[in-house]
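The values are calculated or read from the model by the stated rules, or taken from the named source; none is laboratory data. In this text the structure is predicted, and so the values were computed from the model without any measurement. Virtual Cβ from ideal backbone geometry, glycine too; neighbours counted across all protein chains shown.
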Amino acid sequence: MQRLDTAQQLRAWRAEASGNVGLVPTMGNLHAGHLALVAAARARCKRVVVSIFVNPLQFGPNEDLDSYPRTLDADLQALEQAGADAVFAPAVEQMYPHGGTTATTVRVEGITDMLCGSRRPGHFEGVATVVTKLLNLVDPDEAFFGEKDFQQLAVIRRLVADLCMQVDIVGVPTVREADGLALSSRNQYLQADERKRAPALAAALADCRARLSEGERDFVALEARGRAMIDAAGLKTDYFEIRSPELTAPRADMKAFRVLAAAFLGRARLIDNMAVEPAPGQ
(Lines give C-alpha, C1' and ligand atoms only; values in the text may rest on other atoms or scores of the structure.)
Protein backbone atom coordinates (compact mmCIF):
# COMPACT_ATOMS: atom_id res chain seq x y z
CA MET A 1 0.00 0.00 0.00
CA GLN A 2 1.35 3.41 -1.00
CA ARG A 3 0.95 6.54 1.08
CA LEU A 4 0.45 9.66 -1.02
CA ASP A 5 0.76 13.10 0.57
CA THR A 6 0.60 15.45 -2.42
CA ALA A 7 -1.57 15.94 -5.47
CA GLN A 8 1.49 15.29 -7.63
CA GLN A 9 2.07 11.91 -5.99
CA LEU A 10 -1.63 11.05 -6.32
CA ARG A 11 -1.70 11.90 -10.02
CA ALA A 12 1.44 9.87 -10.62
CA TRP A 13 -0.13 6.87 -8.85
CA ARG A 14 -3.33 7.27 -10.86
CA ALA A 15 -1.45 7.44 -14.15
CA GLU A 16 0.12 4.06 -13.44
CA ALA A 17 -2.98 2.38 -11.95
CA SER A 18 -4.30 -0.31 -14.26
CA GLY A 19 -7.92 -1.38 -14.41
CA ASN A 20 -10.89 0.37 -12.85
CA VAL A 21 -10.21 2.55 -9.82
CA GLY A 22 -12.43 3.03 -6.76
CA LEU A 23 -12.21 6.00 -4.40
CA VAL A 24 -13.28 5.94 -0.75
CA PRO A 25 -13.25 9.48 0.70
CA THR A 26 -13.00 9.65 4.51
CA MET A 27 -12.00 12.02 7.30
CA GLY A 28 -10.07 9.26 9.03
CA ASN A 29 -10.61 7.86 12.53
CA LEU A 30 -11.73 4.75 10.71
CA HIS A 31 -14.24 2.24 12.06
CA ALA A 32 -16.04 -0.80 10.64
CA GLY A 33 -18.36 1.42 8.63
CA HIS A 34 -15.44 2.93 6.72
CA LEU A 35 -13.91 -0.49 6.23
CA ALA A 36 -17.21 -1.70 4.73
CA LEU A 37 -16.77 1.02 2.10
CA VAL A 38 -13.27 -0.26 1.37
CA ALA A 39 -14.59 -3.82 1.11
CA ALA A 40 -17.30 -2.71 -1.31
CA ALA A 41 -14.70 -0.90 -3.42
CA ARG A 42 -12.38 -3.90 -3.27
CA ALA A 43 -15.18 -6.16 -4.55
CA ARG A 44 -15.92 -3.93 -7.55
CA CYS A 45 -12.61 -2.32 -8.49
CA LYS A 46 -9.13 -3.52 -9.35
CA ARG A 47 -7.46 -0.60 -7.56
CA VAL A 48 -8.71 1.18 -4.43
CA VAL A 49 -7.51 4.52 -3.09
CA VAL A 50 -8.74 5.90 0.23
CA SER A 51 -8.49 9.58 1.08
CA ILE A 52 -8.03 10.76 4.68
CA PHE A 53 -8.64 14.47 5.05
CA VAL A 54 -10.39 16.41 7.83
CA ASN A 55 -11.95 19.07 5.63
CA PRO A 56 -12.13 22.46 7.37
CA LEU A 57 -14.62 23.83 4.83
CA GLN A 58 -17.42 21.59 6.12
CA PHE A 59 -17.11 22.60 9.79
CA GLY A 60 -18.98 25.58 11.18
CA PRO A 61 -17.35 28.14 13.53
CA ASN A 62 -18.68 26.43 16.67
CA GLU A 63 -18.20 22.84 15.54
CA ASP A 64 -15.57 20.25 16.40
CA LEU A 65 -12.86 20.82 13.76
CA ASP A 66 -10.05 21.15 16.30
CA SER A 67 -11.18 18.22 18.43
CA TYR A 68 -12.23 15.89 15.60
CA PRO A 69 -10.35 12.63 16.27
CA ARG A 70 -7.27 12.13 14.11
CA THR A 71 -5.73 8.64 14.18
CA LEU A 72 -3.62 8.45 11.02
CA ASP A 73 -1.21 5.70 12.11
CA ALA A 74 -4.03 3.38 13.17
CA ASP A 75 -5.97 4.24 10.01
CA LEU A 76 -3.04 3.35 7.78
CA GLN A 77 -2.63 0.01 9.53
CA ALA A 78 -6.35 -0.77 9.16
CA LEU A 79 -6.33 0.14 5.48
CA GLU A 80 -3.27 -2.01 4.83
CA GLN A 81 -5.13 -4.97 6.33
CA ALA A 82 -8.30 -4.09 4.40
CA GLY A 83 -6.46 -4.28 1.08
CA ALA A 84 -6.34 -0.64 -0.01
CA ASP A 85 -3.79 0.02 -2.73
CA ALA A 86 -3.09 3.64 -1.82
CA VAL A 87 -3.96 6.25 0.80
CA PHE A 88 -4.09 9.95 -0.03
CA ALA A 89 -3.51 11.88 3.22
CA PRO A 90 -2.88 15.51 2.29
CA ALA A 91 -2.26 18.45 4.59
CA VAL A 92 -4.76 21.30 4.54
CA GLU A 93 -2.24 23.40 2.61
CA GLN A 94 -2.20 20.77 -0.13
CA MET A 95 -5.96 20.88 -0.65
CA TYR A 96 -6.38 24.60 0.04
CA PRO A 97 -3.06 26.30 -0.79
CA HIS A 98 -4.39 29.84 -0.42
CA GLY A 99 -4.37 30.14 3.35
CA GLY A 100 -6.74 27.28 4.03
CA THR A 101 -9.59 28.78 2.01
CA THR A 102 -10.75 28.67 -1.59
CA ALA A 103 -12.24 31.26 -3.91
CA THR A 104 -14.19 28.56 -5.74
CA THR A 105 -16.84 26.51 -3.98
CA VAL A 106 -19.51 24.10 -5.17
CA ARG A 107 -23.11 24.58 -4.06
CA VAL A 108 -25.93 22.16 -4.84
CA GLU A 109 -29.14 24.17 -4.63
CA GLY A 110 -32.35 22.93 -3.06
CA ILE A 111 -31.30 19.60 -1.63
CA THR A 112 -28.88 21.33 0.77
CA ASP A 113 -31.53 23.67 2.20
CA MET A 114 -33.23 21.05 4.39
CA LEU A 115 -32.39 18.60 7.17
CA CYS A 116 -28.70 18.91 8.12
CA GLY A 117 -28.18 21.62 5.52
CA SER A 118 -30.57 24.03 7.23
CA ARG A 119 -28.94 23.37 10.61
CA ARG A 120 -25.31 23.59 9.47
CA PRO A 121 -24.95 26.56 7.09
CA GLY A 122 -22.11 26.06 4.64
CA HIS A 123 -21.59 22.41 5.57
CA PHE A 124 -22.66 20.90 2.29
CA GLU A 125 -20.81 23.53 0.27
CA GLY A 126 -17.68 22.32 2.06
CA VAL A 127 -18.55 18.69 1.36
CA ALA A 128 -19.39 19.32 -2.29
CA THR A 129 -16.22 21.36 -2.83
CA VAL A 130 -13.82 18.84 -1.33
CA VAL A 131 -15.51 15.88 -3.04
CA THR A 132 -15.31 17.69 -6.38
CA LYS A 133 -11.59 18.29 -5.79
CA LEU A 134 -11.01 14.64 -4.87
CA LEU A 135 -12.93 13.37 -7.88
CA ASN A 136 -10.93 15.66 -10.14
CA LEU A 137 -7.63 14.58 -8.59
CA VAL A 138 -8.31 10.84 -8.61
CA ASP A 139 -10.56 10.52 -11.69
CA PRO A 140 -12.03 7.28 -10.28
CA ASP A 141 -14.42 4.98 -12.10
CA GLU A 142 -16.47 4.59 -8.91
CA ALA A 143 -16.62 6.41 -5.56
CA PHE A 144 -18.09 4.91 -2.41
CA PHE A 145 -20.10 6.69 0.30
CA GLY A 146 -22.06 5.42 3.30
CA GLU A 147 -25.85 5.67 3.44
CA LYS A 148 -25.68 6.87 7.06
CA ASP A 149 -24.99 10.33 5.64
CA PHE A 150 -27.90 9.95 3.23
CA GLN A 151 -28.33 13.65 2.49
CA GLN A 152 -24.62 13.89 1.74
CA LEU A 153 -24.94 10.95 -0.64
CA ALA A 154 -27.85 12.66 -2.41
CA VAL A 155 -25.88 15.91 -2.69
CA ILE A 156 -22.90 14.13 -4.23
CA ARG A 157 -25.05 12.21 -6.70
CA ARG A 158 -26.67 15.46 -7.80
CA LEU A 159 -23.39 17.36 -8.22
CA VAL A 160 -21.91 14.50 -10.26
CA ALA A 161 -24.95 14.49 -12.54
CA ASP A 162 -25.08 18.28 -12.87
CA LEU A 163 -21.35 18.64 -13.57
CA CYS A 164 -21.32 15.74 -16.08
CA MET A 165 -18.67 13.79 -14.17
CA GLN A 166 -17.94 10.29 -15.46
CA VAL A 167 -17.96 8.49 -12.14
CA ASP A 168 -20.47 6.10 -10.59
CA ILE A 169 -21.44 7.01 -7.02
CA VAL A 170 -22.06 3.86 -4.99
CA GLY A 171 -24.03 4.00 -1.73
CA VAL A 172 -23.10 1.41 0.90
CA PRO A 173 -25.58 0.39 3.63
CA THR A 174 -25.14 1.72 7.16
CA VAL A 175 -23.14 -0.45 9.54
CA ARG A 176 -24.66 -0.69 13.02
CA GLU A 177 -23.76 -1.87 16.50
CA ALA A 178 -25.70 -4.85 17.85
CA ASP A 179 -28.14 -2.50 19.59
CA GLY A 180 -28.85 -0.57 16.40
CA LEU A 181 -26.65 2.49 16.85
CA ALA A 182 -25.17 3.60 13.53
CA LEU A 183 -21.38 3.59 13.57
CA SER A 184 -19.84 7.06 13.60
CA SER A 185 -16.51 8.57 14.56
CA ARG A 186 -18.42 10.95 16.83
CA ASN A 187 -19.84 8.05 18.88
CA GLN A 188 -16.63 8.15 20.92
CA TYR A 189 -17.77 11.50 22.32
CA LEU A 190 -20.51 9.63 24.21
CA GLN A 191 -20.11 8.98 27.94
CA ALA A 192 -21.11 5.53 29.20
CA ASP A 193 -24.62 6.55 30.26
CA GLU A 194 -25.12 8.46 27.00
CA ARG A 195 -24.04 5.43 24.99
CA LYS A 196 -26.82 3.42 26.64
CA ARG A 197 -29.41 5.97 25.51
CA ALA A 198 -28.04 6.52 22.00
CA PRO A 199 -29.84 3.56 20.33
CA ALA A 200 -33.13 5.40 20.90
CA LEU A 201 -32.46 7.29 17.68
CA ALA A 202 -32.41 4.10 15.59
CA ALA A 203 -35.36 2.70 17.57
CA ALA A 204 -37.51 5.72 16.72
CA LEU A 205 -36.60 5.42 13.05
CA ALA A 206 -37.38 1.70 13.06
CA ASP A 207 -40.74 2.35 14.73
CA CYS A 208 -41.65 4.92 12.07
CA ARG A 209 -40.45 2.60 9.31
CA ALA A 210 -42.68 -0.20 10.61
CA ARG A 211 -45.75 2.05 10.80
CA LEU A 212 -45.21 3.39 7.28
CA SER A 213 -44.78 -0.17 6.02
CA GLU A 214 -48.11 -1.04 7.66
CA GLY A 215 -49.82 1.75 5.75
CA GLU A 216 -49.91 4.67 8.19
CA ARG A 217 -49.77 7.97 6.31
CA ASP A 218 -50.34 10.65 8.94
CA PHE A 219 -46.86 12.08 8.46
CA VAL A 220 -47.27 14.89 11.00
CA ALA A 221 -48.32 12.45 13.72
CA LEU A 222 -45.59 9.97 12.85
CA GLU A 223 -42.92 12.66 12.96
CA ALA A 224 -44.23 13.91 16.31
CA ARG A 225 -44.15 10.35 17.65
CA GLY A 226 -40.55 9.93 16.51
CA ARG A 227 -39.45 13.17 18.18
CA ALA A 228 -41.23 12.18 21.38
CA MET A 229 -39.52 8.78 21.47
CA ILE A 230 -36.09 10.35 21.02
CA ASP A 231 -36.65 13.07 23.62
CA ALA A 232 -38.12 10.60 26.12
CA ALA A 233 -34.84 8.65 26.02
CA GLY A 234 -32.89 11.74 27.09
CA LEU A 235 -31.69 12.91 23.69
CA LYS A 236 -32.60 16.30 22.20
CA THR A 237 -34.17 15.95 18.77
CA ASP A 238 -32.74 18.22 16.10
CA TYR A 239 -35.09 16.93 13.40
CA PHE A 240 -37.18 13.87 12.57
CA GLU A 241 -38.60 13.89 9.06
CA ILE A 242 -40.25 11.59 6.57
CA ARG A 243 -39.19 12.17 2.97
CA SER A 244 -39.38 10.45 -0.37
CA PRO A 245 -36.33 8.41 -1.41
CA GLU A 246 -35.26 11.52 -3.37
CA LEU A 247 -35.72 13.69 -0.24
CA THR A 248 -38.77 15.51 -1.60
CA ALA A 249 -41.94 15.97 0.49
CA PRO A 250 -43.80 12.69 1.10
CA ARG A 251 -47.23 11.93 -0.38
CA ALA A 252 -49.86 9.51 0.87
CA ASP A 253 -49.80 7.56 -2.41
CA MET A 254 -46.09 6.77 -2.12
CA LYS A 255 -44.90 3.25 -1.31
CA ALA A 256 -41.24 4.04 -0.55
CA PHE A 257 -39.84 6.59 1.88
CA ARG A 258 -36.68 7.64 3.69
CA VAL A 259 -36.98 8.53 7.39
CA LEU A 260 -34.18 10.78 8.64
CA ALA A 261 -33.30 12.08 12.08
CA ALA A 262 -30.63 13.94 14.03
CA ALA A 263 -30.32 14.43 17.77
CA PHE A 264 -27.94 15.90 20.32
CA LEU A 265 -26.58 13.75 23.13
CA GLY A 266 -23.85 15.23 25.29
CA ARG A 267 -21.05 16.46 23.01
CA ALA A 268 -22.30 14.39 20.08
CA ARG A 269 -24.73 15.22 17.32
CA LEU A 270 -25.96 11.87 16.02
CA ILE A 271 -27.55 11.37 12.60
CA ASP A 272 -29.27 8.32 11.15
CA ASN A 273 -31.85 7.29 8.58
CA MET A 274 -33.73 4.25 7.37
CA ALA A 275 -35.34 3.29 4.09
CA VAL A 276 -38.95 2.21 3.82
CA GLU A 277 -39.22 -0.13 0.85
CA PRO A 278 -42.47 -1.06 -0.89
CA ALA A 279 -43.87 -4.48 -0.01
CA PRO A 280 -43.30 -7.22 -2.61
CA GLY A 281 -45.78 -6.90 -5.44
CA GLN A 282 -46.55 -3.23 -4.78
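Data table
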| item | result |
| --- | --- |
| Output for the stretch 149-167, where each listed residue is closer than 15 Å to residue 125 by Cβ and either surrounded by fewer than 17 Cβ atoms within 10 Å (Cβ to Cβ) or assigned by TED's automatic domain parsing to the domain that holds residue 262 (or both) | 162, 163 |
| Subset of the stretch 179-209 (residues that are assigned by TED's automatic domain parsing to the domain that holds residue 245, of a type in the set (Asp, Glu) and outside any helix (DSSP H, G or I)) | none |
| Residue 65 vs. criteria among the aliphatic types (A, V, I, L, M), over 22 Å from residue 172 (Cα atoms) and modelled with pLDDT of 95 or more | no |
| Test: residue in the stretch 210-221 that is under 22 Å from residue 171 (Cβ atoms), outside the structural domain of residue 70 (by TED's automatic domain parsing) and either of a type outside the set (Lys, Arg) or surrounded by 21 or more Cβ atoms within 10 Å (Cβ to Cβ) (or both) | yes |
| Residues (of a type in the set (S, T, N, Q) and surrounded by 13 or more Cβ atoms within 10 Å (Cβ to Cβ)) located in the stretch 7-22 | 9, 20 |
| Test: residue in the stretch 25-44 that is at pLDDT 95 or above, β-branched (Val, Ile, Thr) and either surrounded by fewer than 20 Cβ atoms within 10 Å (Cβ to Cβ) or more than 17 Å from the chain's Cα centre (by Cα) (or both) | no |
| Residue in the stretch 103-112 that is on the phi < 0 side of the Ramachandran plot, free of Cβ contacts under 8 Å to residues at least 40 places away in the same chain and touching an Asp or Glu at 6+ places or on another chain (Cβ under 6 Å) present | yes |
| Restricting the stretch 56-82 to residues that are farther than 23 Å from residue 187 by Cβ and loosely packed, with under 13 Cβ neighbours inside 10 Å, the residue that is nearest to the chain's Cα centre (by Cα) | 61 |
| Test: residue in the stretch 235-246 that is without any contact (Cβ under 8 Å) to a residue 24 or more places away in the chain, surrounded by fewer than 19 Cβ atoms within 10 Å (Cβ to Cβ) and assigned to a loop (DSSP other than H, G, I, E, B) | yes |
| Residue that is nearest to residue 16 (Cα to Cα), among those in the stretch 125-139 that are in contact (Cβ under 8 Å) with a residue 12 or more places away in the chain and out of contact with any strand residue (DSSP E or B) (no Cβ under 9 Å at 6 or more places or on another chain) | 133 |
| Helices (runs of 4 or more DSSP H) fully within the stretch 52-167 counting 2 or more residues that are under 26 Å from residue 183 (Cα atoms) | 72-82, 115-119, 123-138, 150-162 |
| Residue in the stretch 90-100 that is within 30 Å of residue 44 (Cα to Cα), under 16 Å from the mean Cα position of the chain (by Cα) and of a type in the set (S, T, N, Q) present | no |
| Selected residue [among the hydroxyl-bearing types (Ser, Thr, Tyr), outside the structural domain of residue 241 (by TED's automatic domain parsing), over 21 Å from residue 243 (Cβ atoms) and modelled with pLDDT of 95 or more] from 132, 112 | 132 |
